[in-house]
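See below for the structure under consideration.
The values are calculated or read from the model by the stated rules, or taken from the named source; none is laboratory data. Just so it is clear, the structure is predicted and the values come from calculations on it, not from any experiment. With ideal geometry, Cβ positions are generated from the backbone for all residues, glycine too; neighbour counts draw on all protein chains shown. For accessibility, only protein heavy atoms count, side chains too; no ligands or nucleic acids. Shrake-Rupley method; radii C 1.70, N 1.55, O 1.52, S 1.80 Å.
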Amino acid sequence: QAQLVESGGGLVQAGGSLRLSCAASGPTFWSYDMVWFRQAPGKEREFVGAFSWSSTRPVYADSVKGRFTISRDNAKNTVYLQMKSLKPEDTAVYYCGAVKGSWSAITSGYDCWGQGTQVTVSS
């Protein structure tokens, strides 16, 4: 089972950019669907995007489409979330998740989650 560690969060002004990383342990990272979710204070965890192991094209939530880009480097066991044109409403703790089966936009069914990394966007 994979273990995940996120990094790269921080404080950024609106309009700025950040790149989050999610490093996975385990030899079969390449066979996991990887996702990013986020959770703002007082809100439920929401889907941001996913990158299936069997696909070359990630999928995004409408709220981040065109601004966020997910990529994965199987040689480095790492998935990235490049965020640009950040808005105050992007402020949240960002989590990566991994599933051996198919990803979904709900939080149940994932094999593991990272500890989360805080992203704060100031106006």
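Under the Cβ-under-4.7 Å rule, which cysteines of the chain stay unpaired?
Cys112
Once the other residues with Cβ under 12 Å from the Cβ of Val64 are scored (Lys, Arg +1; Asp, Glu -1), what is the net sum?
Summing Lys/Arg as +1 and Asp/Glu as -1 gives +1.
List the lysines whose Cα sits under 26 Å from the Cα of Lys87, skipping any in the same chain fewer than 8 residues away.
Here the lysines satisfying the reach criterion relative to Lys87 are Lys43, Lys65.
May I ask you to list the trypsin sites (Lys or Arg not before Pro) in the stretch 52-83 that are in a DSSP loop and have at most 13 other Cβ atoms within 10 Å of their Cβ?
On the way: sites: Lys65, Arg67, Arg72, Lys76; in loops: Lys65, Arg67, Lys76.
Passing both the DSSP loop test and the Cβ count: Lys65, Lys76.
Rounded to the nearest 20 debye, what is the charge dipole size of the stretch 53-123 about its Cα centre when +1 sits on each Lys and Arg Cβ and -1 on each Asp and Glu Cβ?
220 debye
On average, how much accessible surface per residue is there in the chain, in Å², for a 1.4 Å probe, leaving out ligands, DNA and RNA?
That works out to 51 Å² for each residue.
Write out the GluC sites (Glu not before Pro) in the stretch 25-123 meeting two conditions: DSSP loop, and at most 16 other Cβ atoms within 10 Å of their Cβ.
Numbers: sites: Glu44, Glu46, Glu89; in loops: Glu44.
Listed in order of number, the matching sites are Glu44.
Say we join alpha carbon atoms closer than 10 Å with springs in a Gaussian network model of the chain; which of Cys96, Cys22, Cys112 then has the biggest fluctuation?
Judging by the Gaussian network model, the answer is Cys112.
Which whole-angstrom value gives the distance between the alpha carbon centres of the stretch 89-111 and the stretch 52-82?
So the two Cα centres are separated by 12 Å.
Among DSSP beta bridges whose residues both lie in the chain, state the antiparallel percentage, nearest 5.
Bridges in the chain that DSSP calls antiparallel: roughly 90 percent.
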